[in-house]
Number of protein chains: 2
Amino acid sequence: MAETLRLALDAMGGDRAPEIVVRGADLALERMPDLRFDLVGDEARIAPLVAKTRRLKTTEPAIIHTTEVVPADEKPSTALRTRKQSSMRLAIDRVASGDANGVVSAGNTGALMAMSKLSLRMCPGIKRPAIASFFPTRRGETCMLDLGANLDCDAETLVQFALMGQVFARIVLGLERPTVGLLNVGSEEQKGHEFIREAATTLRDTDLPFEFVGFVEGDDIAGGTVDVVVCDGFTGNVALKTAEGTSRMIAQFLRESFRTSWLSRLGYLLARSSIDQLRKRLDPRRYNGAMFLGLNGVSVKSHGGTDAIGFANAIGVAADLVRHGFVKEVSAELETLSSGTSVDDLNTEALAT
Amino acid sequence: MAETLRLALDAMGGDRAPEIVVRGADLALERMPDLRFDLVGDEARIAPLVAKTRRLKTTEPAIIHTTEVVPADEKPSTALRTRKQSSMRLAIDRVASGDANGVVSAGNTGALMAMSKLSLRMCPGIKRPAIASFFPTRRGETCMLDLGANLDCDAETLVQFALMGQVFARIVLGLERPTVGLLNVGSEEQKGHEFIREAATTLRDTDLPFEFVGFVEGDDIAGGTVDVVVCDGFTGNVALKTAEGTSRMIAQFLRESFRTSWLSRLGYLLARSSIDQLRKRLDPRRYNGAMFLGLNGVSVKSHGGTDAIGFANAIGVAADLVRHGFVKEVSAELETLSSGTSVDDLNTEALAT
C-alpha cells in the first residue's frame, strides 16, 4: 500500500481547468499521501496554482509544459490527427511510455477515448473498450457499462463487457462473486434485440467466475438488483443521463416543496442534517470518474463540469485501478476463459445450439 | 362535451382485477359523469362489485360475460391465436364493432397491443404503432414514445412517431405548436445510430406543423426540454423504467434520512404537507395510462399493478383521446403532410441530399 503511484493529469481539460485539476490533486493527497503527479499543460498557469496548494507543492509534481489543448467540442478523429502535442495526448503518452501508472482527464471524452486507444492500445483479447461508472442504488453501488464508447455492440462485445465489469466489481468493490445482468426490456428469454439474447445464451452456457443472473430492466439499475449492469453504449448513455435528469428534477421539486409554507421551512431547518445526508448520498461528485475498460493501461475520464472534490474522486478511481492491477486481472481472466475454447468459439457454439 | 362516451373495460386484466377495474370506473364517473361502460368478464364476480358502487350502478353498465382471461405472462402470438373469447379480446372487439368508443385494459401489454392491432387495424398511412405516455418534468408534462411497441425502428417510423406525438401534445395537452426532439447520445449532428440521424434530416427538411428542435439527451426527458421525446421502443422502455427506478430509490433514501434522528422526525412532521405534495407530484398513478398510438381506434393500457385511482386515470386518458378525435386528427395531419409528396418520398429525398 505504501508503493508510490504516479498519475499523469491533463491539467488543461475540463470547464474550470487548470484550477480544479491542481486543487483536485491537492485534495486527493489528503486521502492518498503516497500519490505523485505529472501535471501536463501550460506551465505559466499551472505553477502559480501549485505554489498556492498545501500538500501538492511539497510532493514536487513534475510539470510537463505544452500550450496545445484539445477543444471540448472537437471531433475525436480531428483531435487524434492534429493534437499530438496537446496536454491530453502528452498525459496519455506518459502512461504508454511507463513514466506514469495512469492518466486522468476532464477533457473531451471522445478524444480521450480515441487517443487512449491509440497510445495505450487494447488489452490483448478484448475487442472493444467500454466506459464504465458507478451508480448509487438502493443496495449499495452498481457498476454499469458501456456508457457510450460503442453505440453498436454485438454479442461477443457484451460478453467481454460482462467479464470486465465483474473484474472491476471484484477487485475495486471487493465483491467475491459479483452478480451480472444484461439490460433488456423484459426478463423473459425471448425479449429484446437479437445480439442481447445471443450474449445471454453464451453467458448461460459458459463456466464463469461470476454469477450471470440473466436479463434486468431499467428499474433494476437503481434497484441494485445486480452488481454489474451490461448494455450497449447507446442504451447505457441514455439510461445514465435519464437517471441524472430524474435526480435533478426530484431535487428541484423537493426544494420547491419546502418553500411552500413557513411550517415547511421550519421543518426543513430541523431536518436539514438528514436532507444534507441524502444530498451527500446522491452527490454526483461521489460517482465522478468514468473508467475506460479494455485498454492496456488505466485511463479515467472526469466529468467536464466537476469541481476539485469531483476531480479528486476521479483521481481516486484511477489510483484504485492501478493498485489493484485491473489491467492484468482482466487479461488473466480472459485467458482462463479462453483456455481450451476461445470466447469466439463459445459464442459461435452458443449460436449453433 | 355532454355527448355520452362509452368505453369497453377489460374487467379481468391486471393484478387486482376485477376489483380495481370496477372501482376505477366508479371513481372516473366522479370527474366525468357522462361516461358509460361495458364491463367485459366474469359476470358472477363483476355484478356483486358493481352493486357495491355509488355512481357506477346508477349508470347501468353493460356486463358482457366471458370466463376466458389472457394470462399475464402469455406470449402475445399465443394469446392472439387462442384467446378469442377472452375479456381483453371481446373488449377490444366492442370498439371495432362501433359499440364502444375506446378500450382500457390493465392486462398483458403485448397481447393487448397484438389484439388491438388485429381488431382495430392500423391508422391508414401509419407503418407501426407506438406506446406513448406522460412523464412529469421540471416544466410540466412531456409525452414520450415509443415505450416498447417496436424495439427496432427505422427512420420513417421515428418520423411518424414524431407526428403522432405532437398531435397528442396539441390536442390533449392543448399546446399550440409543440416542440419535438429525437432522443440521442449527444446534440451534435454526427452523433448516434444512423436511423436516428436519417429521421433528423427528414424532420429538418420538411414543413411541419410543430417545431423539431433536433437531438435531445436522457437528462432532457425530466428536464422538460421538449414537449415530445421520440425514440425507438427499446431505448424508450429502458429510459422509462430507469426514471421510475431512480424515483423509487430517492423516495427510499428520503424516508431513511428522515428516520435518522428525533429532530429529523419532528422536521418531517412539520414539513409533511410539503412532502405529501411532492409525493403527489411524482405519483405514478397520475401518469397511469399508456396510449397505443397509430391504431384506427383508442386503446389504452393501464399499469397491471395499479389501484382504482390509477385505473380511473387510465380511463380519463382514453376518454380524452376519444373526445378530442385523436385518430381522425392523426389521419388528417398525415394527409396534409403527404399531399404532393408522401412521407416516403420526403424521407427518400432527405436521404438523397
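The values are calculated or read from the model by the stated rules, or taken from the named source; none is laboratory data. Remember, predicted model here, so these are calculated numbers, not experimental data. Positions of Cβ are backbone-derived with ideal geometry, glycine not excepted, and every protein chain shown enters the neighbour counts. Note: areas computed on protein heavy atoms with side chains; ligands, DNA, RNA excluded. Shrake-Rupley method; radii C 1.70, N 1.55, O 1.52, S 1.80 Å.
Quick notes on this one:
- Derived scalar couplings ³J(HN,Hα) [the range B:118-134; Karplus, 6.51 cos²θ - 1.76 cosθ + 1.60; whole Hz; x for Gly, Pro]: 5, 7, 8, 6, 7, 5, x, x, 8, 6, 9, x, 9, 9, 10, 8, 8
- Relative contact order of chain B, pairs being alpha-carbon contacts under 8 Å that are 6 or more residues apart, as %: 22 percent
- What you get for the protein assembly as shown, charging only the Cβ of Lys and Arg (+1) and of Asp and Glu (-1), is a dipole of about 2820 debye around the Cα centre.
- Label spacing, shortest first and in nm, from A:Arg286 to its equivalents in the remaining copies (7 angstrom along Cα→Cβ): 2.7
- Residue mean of other protein chain beta carbons inside 10 Å, B:228-238: 4
- Interface area, chains B and A: about 5000 Å² of buried accessible surface, summed, with a 1.4 Å probe and ligands, DNA and RNA left out.
- Here's the picture: a label point sits 7 Å out from the Cα of B:Ser261 along the beta-carbon direction, and within the range A:256-292 the residues with their amide nitrogen under 11 Å of it are A:270-277.
- For the range A:9-102, the equivalent ellipsoid derived from the Cα gyration tensor has semi-axes of 23, 14, 11 Å, listed largest first.
- For A:Thr225, net neighbour charge (Lys/Arg +1, Asp/Glu -1) across residues whose Cβ lies under 15 Å away: -3
- Inter-label distance for A:Ala72 and A:Glu329, nm, one decimal - labels placed 7 Å from Cα along Cα-to-Cβ: 3.4 nm
- Cα gyration tensor shape of chain A, rounded if a/c is under 1.5, else prolate or oblate by comparing a/b with b/c: oblate
- Along the range A:53-59 the Karplus relation, 6.51 cos²θ - 1.76 cosθ + 1.60 evaluated at θ = phi - 60°, assigns HN-Hα couplings of 7, 8, 8, 3, 5, 6, 8 Hz to successive residues, with x for each Gly and Pro.
- Shielding by partners, peptide A:54-65 (average Cβ within 10 angstrom, other chains): 0
- Per residue, chain A reaches -15000 deg cm²/dmol at 222 nm when only DSSP H runs of four or more residues are counted, each adding -39500 (n - 2.57).
- Peptide B:253-266, shielding by other chains (average Cβ, 10 Å cutoff): 5
- For the protein assembly as shown, share of DSSP beta bridges that run antiparallel, in % to the nearest 5: 30 percent
- Relative to the 2.2 N^0.38 Å rule of thumb, the protein assembly as shown has a C-alpha radius of gyration ratio of 1.04.
- Peptides B:267-277, B:222-232, B:15-25 ranked from most to least packed by the mean count of surrounding Cβ atoms within 10 Å: B:222-232, B:15-25, B:267-277.
- Taking the 1.4 Å solvent-accessible surface of the protein assembly as shown as the whole, the part contributed by carbon and sulfur is 48%.
- Chain B: antiparallel DSSP beta bridges as a percent of all, rounded to 5: 30 percent
- Subset of B:Lys84/B:Lys117; A:Lys241/A:Lys280; A:Lys127/A:Lys241; A:Lys117/A:Lys280; B:Lys127/B:Lys301 violating a 23 Å alpha-carbon distance limit: A:Lys127/A:Lys241; A:Lys117/A:Lys280
- Mean separation of Cα contacts under 8 Å (6+ apart) over length of the range B:178-335, as relative contact order %: 16 percent
- If R0 equals 25 Å, the separation of the Cβ atoms of B:Asp34 and B:Asp283 corresponds to a calculated FRET efficiency of about 0.45.
- Estimated distance in nm for a label pair at B:Met122 and B:Lys84, the labels positioned 7 Å out from Cα along Cα-to-Cβ: 2.4 nm
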